[in-house]
Amino acid sequence: MTTYREIFRIREFRALFVVRLFAMTGVVLSSLALGTVMYHQTGSPFLTAISLFGGPLVQLVAARYLLATSDLMRPRTAMIFMASVSTTTAALQTLPGLGWWLRFLILAGGYVAMAATSGAVIALLSDIVPKDAFVLARATMNITVGGMQIIGNGIGAVLLAVVSPSWLFGIAAAVGVTAGVNARLGLPDRPPRAAGKTVERSRRINRELLTSPVVRPLYLMMWLPNGLVTGCEALFIPYARDHAGFLLAAGAGGMLAGDIVVGRFVPLALRDRLVLPLCVLLGVPFLLFPLSPPVPVAAALVALSAFGCAALLPLQERLVGRTHEDTRGQAFGLFSTGLMVAQGLGAALAGGIAQLLPGADAVGWAMASMAVMSLLVTALLLKGVQRSTDLAAHV
């Protein structure tokens, strides 16, 4: 079994890991700052949820025409481009006197850019590491995400007690610059994975992927249960107010633990069998939130749920095996876009339910409702996902 030491011996992997680390730090700080500002400005659970997870709805529209850029652009150029966009959007959010609609407009601009490059990181990762090391390498990159969410949300929650959210936006902008510089200096300039016209190729490959009886169920299982549970996470600020950063950090910790355990210690055959239990684990802990557990108990439940995110690892491993190399950037871009869109829709739905339900415990009941929907969708998708195990087919 591949070890962490072996994958970190790969110089290009080390560089990509560092770039991802800085990029995720900026994303976490910007997200926490924007959600906090939005709730303070509007008092609306719905607008707060949309500010945290609604941007990918813009990405969905743009991805129809731009997603092939993940294969058509040089990987290093894509990394530098995204770092530049993140820096710019974070800096713009620091401007004084912005209305909530202007903040949403800035957020949307970043997601249009992301639609063009969202598959570049994972596709590059699949090129860098040996095939049998992909799951561990992917889990290690997820550890970067989880670790930075723990650190970023924890530090962000502390900072928000003494400084304004503008400080978090400023730090995020500085971190974005660091990510771009590391990408330029640390990553070799690999050629594009494919050639062609962006719009035509984007539409054609998207259609092939989404109509495949093997790949489509994989996408749906990766998108929907997780997206619905993300609706619960979108309500952390209305649920815990100034302590929401600790719930977000607990979720990142649970995801981190799941990626370490499943990615490093669970063999391939068992990973496949764990897809269903892990997807179920995503939803079950949130069934207890109508009881209004205190923040420490809620944090433990959130961490337990987030452990279930490790189901994405064996599902992504199947996606690598079911797609051609020259379309893999777009395949993973579609995965990322679809997941973020599902999370955005889940956040909007959860925020709407919480807004409509009466009573002080409306947020807890909204979380439980999203968890029930996640469990039902998981059950409905099982038969289709089985095809990716039974058929050795490519798109």
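FYI, it's all coordinate maths here, none of it is from the lab. In this text, all values refer to a predicted model and were calculated from it rather than measured experimentally. Ideal geometry is used to build each Cβ from the backbone, glycine not excepted, and the neighbour counts take in all protein chains shown.
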**Asked** Tell me, what does the Kirkwood hydrodynamic radius of the stretch 106-160 come to in angstroms if you use every pair of distinct C-alpha atoms?
**Response** 13.4
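Kirkwood Rh, the stretch 81-139, all Cα pairs: how many Å?
Working: mean 1/r = 0.0737 Å⁻¹.
After inverting the pairwise mean of 1/r, the radius is 13.6 Å.
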**Message:** Given points 7 Å out from each Cα along the Cα-Cβ axis, report the residue 14 to residue 211 separation in nanometres with one decimal.
**Reply:** 4.7
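List the relative contact order of the chain as a percent without decimals, with contacts defined as Cα pairs under 8 Å and 6+ residues apart. Kindly include the intermediate steps, with their values, before the conclusion.
Working: 728 pairs, mean separation 115.2, N = 395.
Relative CO of the chain lands at 29 percent.
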**Request:** For the stretch 32-50 and the stretch 90-142, compute the distance between their C-alpha centroids and round to whole Å.
**Result:** 21
**Request:** Find how much the distance from residue 203 to residue 64 grows on full extension, using 0.36 nm per residue of separation minus their present alpha carbon separation; answer in nm with one decimal.
**Result:** 49.4 nm
**Fill in**
The value for the stretch 1-119 (convex hull of the alpha-carbon atoms, volume per residue, Å³) is 131
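Taking the Cα centre of the stretch 184-242 as origin, work out the dipole magnitude from +1 charges on Lys and Arg Cβ and -1 charges on Asp and Glu Cβ, in debye rounded to 20. Provide the component values of the computation, followed by the final result.
Details: 10 positive and 5 negative charges, 86 e Å.
For this selection, approximately 420 debye.
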**Asked** Using bins 10 angstrom wide from zero, how does P(r) for the stretch 196-299 break down, in % of all Cα pairs?
**Response** 11, 33, 27, 21, 7, 1
**Message:** If I model a spin label at residue 268 and residue 300 as a point 7 Å from the Cα along the Cα→Cβ vector, what separation in nanometres do I get?
**Reply:** 3.9
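How long are the three semi-axes of the equivalent ellipsoid of the chain, in whole Å, if each is the root of 5 times an eigenvalue of the C-alpha gyration tensor, listed from largest down?
Details: eigenvalues 179, 127, 80 Å².
They are 30, 25, 20 Å, listed from largest to smallest.
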**Long-range tail of P(r) for the stretch 55-114 (Cα pairs > 15 Å, %)** = 54
**Item:** Packing-based order for 339-349, 160-170, 274-284, using average beta carbon neighbours within 10 Å, highest first
**Value:** 339-349, 274-284, 160-170
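Which number comes out as Rg/Rh for the stretch 288-395 once both Rg and the Kirkwood Rh are worked out on C-alpha atoms?
Rg/Rh for the stretch 288-395 comes to 1.07.
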